Structure formats: C-alpha cells, structure tokens
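A.B. asks: Below is one structure. I have some questions about it.
The values are calculated or read from the model by the stated rules, or taken from the named source; none is laboratory data. Note that the structure is a prediction, hence the values are computed from the model and not measured. Cβ placement follows ideal geometry from the backbone for every residue including glycine, while neighbour counts extend to all protein chains displayed. These area figures cover heavy atoms from the full protein model, side chains too; ligands, DNA and RNA do not enter into them. Shrake-Rupley method; radii C 1.70, N 1.55, O 1.52, S 1.80 Å.
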Amino acid sequence: MEVDKPKIEGLIRELLLAIGEDPDREGLQRTPKRVAEAWSFLTSGYRADMRKLINDAIFTQTTNSMVIVKNIEVYSLCEHHLLPFFGRCHIGYIPTGKVFGVSKLARLVDMFARRLQLQERLTEQVSQAIMDEIGARGVGVMMEARHLCMMMRGVEKQNSVMVTSSVLGTFRESQATREEFLSLIGHAATG
Ligand SMILES: [Zn+2]
C-alpha cells in the first residue's frame, strides 16, 4: 500500500497550526508536501519486496570462512518519538554455500531501517533475514547508533551510543565464533 500523501499533507498543516506556526507563510507553504514526500521515502521499507531486493545477488561460493561487512550506514526512525536514530551496522556470517553481494546487505539493512523501528528489533530483523535467505550457519549483527530522541530532548545525553547485537546459529552456540566476529569488526569481547 502506498502512503496517503494528501492525508499526510493535511496532517502536517494541522501540526504546524498546533505548534503555533502559520502554515501559509512563505517558508512553510510547501512544507506539508515536502514532508509527505519524505515520509513516503522514510517508510518505503514497509512496501519493499525482500525477495526482489536480494534474489539476483545471492552467489554460490564454497567457503566456510566468516564473511564480514563493516560500517554499513543505518538511518531509521524510532517508533516512540518518530525521531531519527542513525549509526553503523556490522554484519558477520558463516555461509553454507551461498553468499550475499555486498551492496545487497546494505539494501537489506535499508529495507528494515525504513520503517518505524526499535534498534533492538532492527538488529534482530537483519540477522534473521540473513539467516533465512541464504541458510547461513550463523549470523552476528552489531549496531551502534545515536538517537535524536535522547540527544535533542529528555535526558540529553549527547554522546551516548546505543549498541545492540543479535547472534544466531553458530554465533550463538560458540563463544569462539562470537569472539572472532567481535575481533574482526574491531570490538573487544566484553564478557
Ligand atoms: Zn525515541
């Protein structure tokens, strides 16, 4: 389902009035339209087809070594405040004959990030999708992000970074595998 842009435009006009602004002043006249466009993009992950997204980018490869992709940029929206959280995601997995094209892992992250999210859930959805789509032996995903809802309001902890991780399969079962993952992405194991 497409977003209802005319409805969003009307709501943003109402929002501008509710905060005491004048939606008809020059700088704001096109704002409802711009916001509707932005929200259509920022929530496009609800309407993305994962199969279409990744199917042409799964390759056969007979390796049992860990594949690591570091520093995938993440931009998402927290579902509690509709404010952005953003940071980086590091992915490791052990394939069983199939690997992802590198850019597709970034697309996969984008697909889940362009929804209203909790960082914990986003991290889990990425790891589960990798596990399911290529039948990986194990997957580890770590995400480090800053939340504007914490930085701009509330506790105003400007420098705090939230770290979440999700491990599946051999990454869950084997401490050695987890430690290899953490050391490859440049994080020391912290117990
Ligand atoms: Zn929030």
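A.B. asks: Would you mention how many residues in region 82-97 are closer than 20 Å to Arg172 by Cβ and outside any loop (DSSP other than H, G, I, E, B)?
C.D. replies: Kept after step one, since they are closer than 20 Å to Arg172 by Cβ, are these residues of region 82-97: 89-96.
Then drop every residue that is not outside any loop (DSSP other than H, G, I, E, B), which leaves 89-94.
Selection size over region 82-97: 6.
A.B. asks: Scan region 100-120 for residues that are among the polar types (S, T, N, Q), within 12 Å of the chain's Cα centre (by Cα) and part of a helix (DSSP H, G or I) and jot them down. Steps first, answer last, please.
C.D. replies: We begin by selecting, within region 100-120, every residue among the polar types (S, T, N, Q); these are 103, 117, 119.
Still in the list and also within 12 Å of the chain's Cα centre (by Cα): 117, 119.
Within region 100-120, Gln119 is the sole residue that qualifies.
A.B. asks: Then there is this: Determine whether Thr177 is outside any strand (DSSP E or B), surrounded by 19 or more Cβ atoms within 10 Å (Cβ to Cβ) and not hydrophobic (A, V, I, L, M, F, W, C).
C.D. replies: On the way: outside any strand (DSSP E or B): yes; surrounded by 19 or more Cβ atoms within 10 Å (Cβ to Cβ): yes; not hydrophobic (A, V, I, L, M, F, W, C): yes.
Taking the combined requirement at face value, the residue satisfies it.
A.B. asks: While we're on this one: List, please: which pairs have Cβ atoms under 7 Å, are six or more places apart or on different chains, and start with a residue in region 161-187 that is touching a residue at least 40 places away in the same chain (Cβ under 8 Å) and within 17 Å of Ile130 (Cβ to Cβ) and end with one that is open to solvent by 40 Å² or more (accessible area, probe 1.4 Å) and of a type in the set (Asp, Glu)?
C.D. replies: Thr164/Glu120; Ser166/Glu124
A.B. asks: Here's a follow-up. Taking region 121-174 on its own, how many of its residues are more than 12 Å from the ligand (Cβ to nearest atom) and either outside any strand (DSSP E or B) or within 20 Å of Tyr75 (Cα to Cα) (or both)? So that I can check it myself, show each step before the final result.
C.D. replies: The first filter runs over region 121-174 and keeps only residues more than 12 Å from the ligand (Cβ to nearest atom), leaving 121-144, 156-161, 163-174.
Next, only the ones that are either outside any strand (DSSP E or B) or within 20 Å of Tyr75 (Cα to Cα) (or both) stay: 121-137, 140-144, 156-161, 163-166, 170-174.
Going through region 121-174 one residue at a time, the tally reaches 37.
A.B. asks: Which numbered condition in (1) open to solvent by less than 40 Å² (accessible area, probe 1.4 Å); (2) in contact (Cβ under 8 Å) with a residue 12 or more places away in the chain is the only one that Met151 fails?
C.D. replies: It fails just one condition, (2).
A.B. asks: A follow-up question, please. Taking Ser160, is it among the small types (Gly, Ala, Ser), at pLDDT below 95 and under 24 Å from Gln61 (Cβ atoms)?
C.D. replies: Judged against the criteria, Ser160 is not a match.
A.B. asks: May I pose another question? Checking Ile54 against (1) open to solvent by less than 20 Å² (accessible area, probe 1.4 Å); (2) at pLDDT 95 or above; (3) over 27 Å from Met151 (Cα atoms), which single condition isn't satisfied?
C.D. replies: (2)
A.B. asks: Exactly one of these conditions fails for Lys98: (1) in contact (Cβ under 8 Å) with a residue 60 or more places away in the chain; (2) open to solvent by 10 Å² or more (accessible area, probe 1.4 Å); (3) out of contact with any Asp or Glu (no Cβ under 8 Å at 6 or more places or on another chain). Give me its number.
C.D. replies: Failed condition: (1).
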